[in-house]
Amino acid sequence: MRVSRATLVAALAVLALALADLPSSGAAAADAPAADVPGIGHVGLDGIADPHVVRVGDVWFAFATSHGDVNVPVAMSADLHTWTLAADALPAATFPAWAEGPVWAPGAIDAGGRWLLFFSAGWRGDWRRCIGVAVADWPAGPYRAATDRPLTCGATTEAWGAIDPLPYRDGTGQLYLAWKDTVSARQLWAAPLTPDGLAVASAPRHLLDGEPGWEDEGIENPAMVEAAGAWWLVYSGGWWTDGRSAVGYARCDGPLGPCTKVTRDAPWLATRPGLIGPGGATFTTGPTGEPWMVLHAWDPARPSLDAGGARQLRAHPVRFTVTGPRLGSRPPVGVLEQARHEPGGLRLGGWAVDPDSPAQPVAVAVAVDGVVVGTVPADRPRPELAAFLGAPGAAIGFEVVVGLPAGARTVCAEAVGSAPGDPFPLGCADLR
């Protein structure tokens, strides 16, 4: 076996840089909290709950649930750090006649020269909450009613209404809408929209349900993202009024599912110092084109509704890997340490770690003669390395046997980064 010395030196150099910013050993069990990242965390706005952020040129617009006398608060930022309340996107003068406030979890999207705002409100004269759509010529509004009745009040007759609408589109430009059915065993849904975005084009598709455990049988705030060769459904679970709220995700086969829950046993993001009851996560494009997550969390000084607290806007860079979203933007690092022939095939082993999330195993792609033959998680115990990285207990090793006959071959391993085409090389070996 011959492992490239240049590759090894490069990996250790990158690792040395990553080590300077790794969390302490006490943070090994989860992603580093947003408040621990310089410039991230509370960005100066109380009462911004269920945020949906869109980028228009070099400006970001955040839409939020009603707060005080403002039906749809809109905040603006030039850097995702400093925000200014700008307007009420759906003021009383243009509020739809069929609806009554408060408005919950609005989401906006550019639809061919005009903007659409999807929102949940009470249906006047009806007991249900329903989803409506309004239009405007500018992302901050003011929006005006696009229809004289709701878009949907739920996917099934058992629903008591529909909330938390979020629009999105696929690579072809097709528009979709995801939402939650309230007081229903079947909770998260999505449907394609007509080209103008003003109507549901076909029957809704069921995405996911809440389960006992950390979700407390209730999930909401669906956000669909296409990244790293898959669709990801990020959602909130647990009780929203305090620190029990948390964020999980599922992997989906397409923009309408089906979806497989990944965070069944524990959430992806949960309460921690400086981040109380995270929820309402949505995604936007950051200053240099990288993905950012925007969400809300409770004011640590008043960490619940009962304590008179308010939810606050948070923002954080993220990466999507083949195993799901990760906080931060640094690539994984590691080394291919062994590659040899043995009965039954080729054995490869080494280690890889995500500096931003050392407790979350990264995926390692294995290639033989330039062809990727499989992916294996780096989830085997390597206590000596984990301790050196400041993450004792984290499993960062990998080992795999590729079932190929003996012969001259070149084998390589790569830690998969934020996109399938953006891996970090762990090393190659020439076998004879």
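Brief remarks on what is shown
- Residues that are closer than 22 Å to residue 361 by Cβ, crowded, with 22+ Cβ neighbours inside 10 Å and not small (Gly, Ala, Ser), drawn from segment 280-319: 293, 316, 318, 319
- Test: residue in segment 339-346 that is modelled with pLDDT of 90 or more and under 30 Å from residue 261 (Cβ atoms): no
- Looking across segment 283-324 at every residue that is within 23 Å of residue 213 (Cα to Cα) and in contact with a strand residue (DSSP E or B) (Cβ under 8 Å, 6 or more places away or on another chain), the one that is modelled with the lowest pLDDT is identified as 323.
- Identification of strands (runs of 3 or more DSSP E) wholly contained in segment 282-350 with 3 or more residues that are among the hydrophobic types (A, V, I, L, M, F, W, C), in contact with a Leu (Cβ under 9 Å, 6 or more places away or on another chain) and under 24 Å from residue 396 (Cβ atoms) yields 333-342.
- Taking segment 84-134 as the range and being aliphatic (A, V, I, L, M) and over 26 Å from residue 281 (Cβ atoms) as the test, the residues that pass are 92, 93, 97.
- Top-ranked residue in segment 255-283 [being among the hydroxyl-bearing types (Ser, Thr, Tyr) and under 15 Å from residue 232 (Cα atoms); ranked as farthest from the chain's Cα centre (by Cα)]: 260
- Filtered residues of segment 69-95 (kept if without any contact (Cβ under 8 Å) to a residue 40 or more places away in the chain and surrounded by fewer than 17 Cβ atoms within 10 Å (Cβ to Cβ)): 69, 78, 82, 84, 92
- Taking each residue of segment 209-232 that is farther than 19 Å from residue 270 by Cα and looking for partners that are in a loop (DSSP other than H, G, I, E, B) and of a type in the set (A, V, I, L, M) with beta-carbon atoms closer than 6 Å, six or more apart or interchain, yields 228/322; 228/419.
- Applying the criterion of being more than 19 Å from the chain's Cα centre (by Cα) and basic (Lys, Arg) to the residues of segment 171-220, the residue that is farthest from residue 109 (Cα to Cα) is 186.
- Residue count for segment 96-131 satisfying the condition of being surrounded by 20 or more Cβ atoms within 10 Å (Cβ to Cβ) and more than 20 Å from residue 62 (Cβ to Cβ): 4.
- Verdict on residue 429 being surrounded by fewer than 22 Cβ atoms within 10 Å (Cβ to Cβ) and either at pLDDT below 80 or not polar (S, T, N, Q) (or both): yes
- For segment 80-92, the count of residues that are closer than 17 Å to residue 65 by Cβ and under 23 Å from the mean Cα position of the chain (by Cα) is at least one.
- Residue in segment 364-382 that is surrounded by 23 or more Cβ atoms within 10 Å (Cβ to Cβ), touching a residue at least 24 places away in the same chain (Cβ under 8 Å) and in a strand (DSSP E or B) present: yes
- Looking across segment 122-137, the residues that are part of a strand (DSSP E or B), farther than 10 Å from residue 72 by Cβ and of a type outside the set (Val, Ile, Thr) come down to 122, 123, 129, 130, 132, 136.
The values are calculated or read from the model by the stated rules, or taken from the named source; none is laboratory data. Not measured: the values here are computed from a predicted model. Cβ coordinates were reconstructed from backbone atoms using ideal geometry, including for glycine residues, and neighbour counts include every protein chain displayed.
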